[in-house]
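Worksheet for the structure shown next.
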Amino acid sequence: ESIPVYLIEREDLYDRPNLYGNSMGDYYDNIERFTFFDHAALKIAEALGFRPDVIHCHDWQTGMVPALIKGPYSESSVLSGTSVLFTFHNLGHQGIFPVDKLYITGLSADKFFHMEGLEYWGNISLLKAGIVYSDAVTTVSPTYALEVQTGSYGMGMEGLLYKKRSILHGILNGVDYRLWDPATDMHLSANYSLSDMTGKGQCKDFLIQEMGILPSLRERPLIGIISRLEAQKGFDLLEEIIEDVIALNVGVVALGTGEVTVQKAFENAVKRYPGRISFHTGFNEPLAHRIMAGADIFLVPSRYEPCGLTQMYALKYGTVPIVRATGGLNDSIDRFEPRTGKGNGFKFIPYNSSAFFQVLCEAEEIFSDKKAWEKLMENGMKADFSWGQSARRYLEIYRSVMDV
């Protein structure tokens, strides 16, 4: 269908190299930038006479919209009474601003700046505004929706989210298999599918050569990592056990960029174990696809992970995920049981290097059982994490908030 899309342009606010900030921190005028964006979106609807059934907002950048609908736009002939759904993708990004910036938003302090509103420890939280003033709230996996109601994951919002639990839903993100499918992936040295896996081995050979891994490791597990390099992602656990991991006679190929300390840890590991560990800094989409196809095992040992997509890509490419049982990782990966042949990967629960290493050893042992490993790969490649099922859940919620 032909769906019109309207873009909002203002060079002084949006013509910047990054979306939200740079290496020095957030942009100083983010509240101005997103106040303008939110008001502009609502003003466009009014100007067009477009009466939406539902407004679906994402993250703190649009968190003031539900409040605006109940405040300055409550008398709008177009927007008054419009239902609002709010989705947060990562509770760690809360849109915190000093209270003296409230006037910029157009929201009155009397009506909105209080404990039951957008006040958060004396500041403004636009994430909290989205949660408080929406008709329903979603996040990006069922497990994460439960986790954020606890002190371990709620990041100060757990009480509010527990209170809102009746309208809080967890819906797993989907994957676009038009972009991530080894049968059609143009970035690969060879394509393959479940019916013909020959290309998988060719992709491994190419990756070993490209990344400078020792050819003698061809028949051993090749571990892949593609990630932002930050504390959330759990690579401190890998750093603790890297000597033991290499002792398993495996290769490691990694691609990522982020925090300097994490990046340095990878660079030091390469110096200690040349030919066994290879690390490429930065963002490189073609290489990401080649790692996904050429690796045997894919690591996502996150401290917390609201959804995660790379583990779903890995399944499609017959690359077995090892994940921590948190958020969407827990929802998408089922522990493989050799006896029954069920499951699509491996996962560990406690956030410690001992539990992580134990599951790595388990995977390394099963890798030597060719028949079991092929079954494990097959299970993963048959999994379907396309958007269809998730879209149906969103439609259900759209209808429910319209009824409200």
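The values are calculated or read from the model by the stated rules, or taken from the named source; none is laboratory data. All figures in this text were calculated on a predicted structure; none of them were measured in a lab. So basically every Cβ, Gly included, is an ideal-geometry build from the backbone, and we count neighbours across all protein chains shown.
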Next item on the list: Look through the range 268-278, keep the residues that are in contact with a strand residue (DSSP E or B) (Cβ under 8 Å, 6 or more places away or on another chain) and in a helix (DSSP H, G or I), and return whichever of them is surrounded by the fewest Cβ atoms within 10 Å (Cβ to Cβ).
Entry: V270
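Please specify each residue of the range 94-113 satisfying the condition of being more than 12 Å from L126 (Cβ to Cβ) and either without any contact (Cβ under 8 Å) to a residue 24 or more places away in the chain or among the basic types (K, R) (or both). Break it down stepwise before answering.
Kept after step one, since they are more than 12 Å from L126 (Cβ to Cβ), are these residues of the range 94-113: 98-100, 103, 106, 108-111, 113.
Correct list: D100, Y103, A109, D110, K111, F113.
Table: residues versus (1) part of a strand (DSSP E or B); (2) in contact with a strand residue (DSSP E or B) (Cβ under 6 Å, 6 or more places away or on another chain).
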| residue | (1), (2) |
| --- | --- |
| F266 | no, yes |
| H280 | yes, yes |
| T340 | no, no |
| Q358 | no, no |
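Identify the residue in the range 298-320 that is of a type in the set (A, V, I, L, M) and not in a strand (DSSP E or B) and, among all such residues, is farthest from L194 (Cα to Cα).
Our first condition is that a residue be of a type in the set (A, V, I, L, M); within the range 298-320, this holds for 299-300, 309, 312, 314-315, 320.
Right, trim to not in a strand (DSSP E or B) and you get 309, 312, 314-315.
Values: L309: 21, M312: 16, A314: 14, L315: 11 Å.
Within the range 298-320, the match that is farthest from L194 (Cα to Cα) is L309.
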Item checked: Hits in the range 161-208 (condition: more than 26 Å from the chain's Cα centre (by Cα) and aliphatic (A, V, I, L, M)) -> A190, L194, M197, I208
Note to self: T319 - would you say it is hydroxyl-bearing (S, T, Y), in contact with a strand residue (DSSP E or B) (Cβ under 8 Å, 6 or more places away or on another chain) and more than 15 Å from G234 (Cβ to Cβ)?
What the structure shows: yes
Notebook entry, point to check: Restricting the search to the range 71-96, which residues are more than 17 Å from the chain's Cα centre (by Cα) and surrounded by fewer than 20 Cβ atoms within 10 Å (Cβ to Cβ)?
Noted result: G71, P72, S74, E75, S76, S77, V78, S80, G81, I96
Check: Does the range 166-223 hold any residues that are buried (at least 16 other Cβ atoms within 10 Å of the Cβ), over 21 Å from G380 (Cα atoms) and polar (S, T, N, Q), and which are they?
Finding: S189
Next item on the list: Taking the options G63, G21, G81, name whichever one is at pLDDT below 95 and either among the hydrophobic types (A, V, I, L, M, F, W, C) or closer than 26 Å to L168 by Cα (or both).
Entry: G81
Margin query: Against the conditions (1) touching a residue at least 60 places away in the same chain (Cβ under 8 Å); (2) closer than 24 Å to D53 by Cα; (3) touching a Ser or Thr at 6+ places or on another chain (Cβ under 8 Å), where does F86 fall short? Just the number, please.
Written below: (1)
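Identify, please: which residue in the range 321-338 is of a type outside the set (D, E, K, R) and in a loop (DSSP other than H, G, I, E, B) and is, among those, nearest to A372 (Cα to Cα)? Don't jump to the end; show me each part of the working.
Here is the first cut: in the range 321-338, the ones of a type outside the set (D, E, K, R) are 321-323, 325-330, 332-333, 336, 338.
When the remaining residues are screened for being in a loop (DSSP other than H, G, I, E, B), the result is 325-326, 333, 336, 338.
On the way: A325: 22, T326: 25, I333: 17, F336: 10, P338: 6 Å.
Across the range 321-338, the extreme among qualifying residues is P338.
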Note to self: Being touching a residue at least 40 places away in the same chain (Cβ under 8 Å), touching a helix residue (DSSP H, G or I) at 6+ places or on another chain (Cβ under 7 Å), outside any strand (DSSP E or B) and over 21 Å from S74 (Cβ atoms) is the filter here; which residues of the range 118-156 pass it?
What the structure shows: L127, V140, S141, P142, T143, Y144, E147, V148, Y153, G154
Checklist line | Qualifying positions in the range 209-255 - under 20 Å from the mean Cα position of the chain (by Cα) and within 13 Å of R276 (Cα to Cα) | finding: G224, A254
Notebook entry, point to check: Which of (1) under 27 Å from E147 (Cβ atoms); (2) more than 28 Å from the chain's Cα centre (by Cα) is the odd one out, the single condition A67 does not satisfy?
Noted result: (2)
Notebook entry, point to check: Got a sec? Which of L85, L91 is touching a strand residue (DSSP E or B) at 6+ places or on another chain (Cβ under 6 Å), under 30 Å from G328 (Cα atoms) and not β-branched (V, I, T)?
Noted result: L85
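Picking from I397, I333, I349, which residue would you name as being under 24 Å from the mean Cα position of the chain (by Cα), exposed (fewer than 14 other Cβ atoms within 10 Å of the Cβ), modelled with pLDDT of 95 or more and β-branched (V, I, T)?
Values: I397 fails: exposed (fewer than 14 other Cβ atoms within 10 Å of the Cβ); I333 fails: exposed (fewer than 14 other Cβ atoms within 10 Å of the Cβ).
Criteria check complete, one pass: I349.
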